[in-house]
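The values are calculated or read from the model by the stated rules, or taken from the named source; none is laboratory data. As the structure is a prediction and not an experimental result, all values here were calculated from the model. Heads up, the Cβs are rebuilt from the backbone with ideal geometry, glycines too, and the neighbour counts pull from every protein chain shown.
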Amino acid sequence: MTAFECTLCGKCCMHAGDALIEIEKRLTSRDFLCRQKVVGGTFRARVEERFLDAFRDTAENDRHPSWCPFLRGLPGEEGKYICTIHNSRPLICRSYVCCTMRIFDSGGEEVGKVKGRRSLVTGDADLVRCWDEGVAPLATDDDIAWKSEVAAILGRSGYRVEAYE
């Protein structure tokens, strides 16, 4: 297994951002007192110097009030997003991993992912069929053994799996 690597899709911060973080007070041009809405408590967020220009552009965030207030588009990279407070983000954000496994077809295109512990998310009908017939019946509670078996099952069907710790 490899360490999880973020693809900068931004979906985690688009769909849950405002439910997790609320800016309570601007302290300086870069520093904010924020509330962690789910776990409670406050933290100090600092916009990183390299992201200041991106942070000042609030147009996209204004159109999407459910986004985290610190999420911004990566300048010059269509469809890529950055956390402008990455180094000072709260623990709930630090511990979040959007998926535990990514599944690729024979051409190297991502066709699915496993979210949470064992939930498949895909639009690939062949992968769904393979999952339903080969993976869903697996009866082990050992996550490491399960991931290994899933990789073998999907591998026999032409898929490549990246499993994360």
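Against the definition (in contact (Cβ under 8 Å) with a residue 12 or more places away in the chain and either under 16 Å from residue 94 (Cα atoms) or not in a helix (DSSP H, G or I) (or both)), how does residue 24 come out, yes or no?
When the stated conditions are applied, residue 24 passes them.
For segment 54-68, which residues satisfy the criterion of being of a type in the set (Lys, Arg) and under 17 Å from residue 78 (Cβ atoms)? Once the filter is applied, which keeps residues that are of a type in the set (Lys, Arg) and under 17 Å from residue 78 (Cβ atoms), segment 54-68 yields only 63. Out of all the residues in segment 116-125, is one or more in contact (Cβ under 8 Å) with a residue 24 or more places away in the chain and among the hydrophobic types (A, V, I, L, M, F, W, C)? Among the residues of segment 116-125, not one is in contact (Cβ under 8 Å) with a residue 24 or more places away in the chain and among the hydrophobic types (A, V, I, L, M, F, W, C), which makes the answer no. Return a yes/no flag: does segment 68-87 have any residue that is surrounded by 12 or more Cβ atoms within 10 Å (Cβ to Cβ), among the hydrophobic types (A, V, I, L, M, F, W, C) and more than 27 Å from residue 113 (Cα to Cα). No - not one qualifying residue is present in segment 68-87. Of the residues examined, residue 112 is not one that is out of contact with any strand residue (DSSP E or B) (no Cβ under 7 Å at 6 or more places or on another chain) and either in the same structural domain as residue 123 (by TED's automatic domain parsing) or of a type outside the set (Ser, Thr, Tyr) (or both).
The residue that is surrounded by the fewest Cβ atoms within 10 Å (Cβ to Cβ), among those in segment 101-111 that are touching a residue at least 24 places away in the same chain (Cβ under 8 Å) and either under 11 Å from residue 164 (Cα atoms) or not aliphatic (A, V, I, L, M) (or both), is 108. At least 2 residues being farther than 23 Å from residue 8 by Cβ is the threshold, and among the helices (runs of 4 or more DSSP H) wholly inside segment 59-158 those reaching it are 125-130, 143-156.
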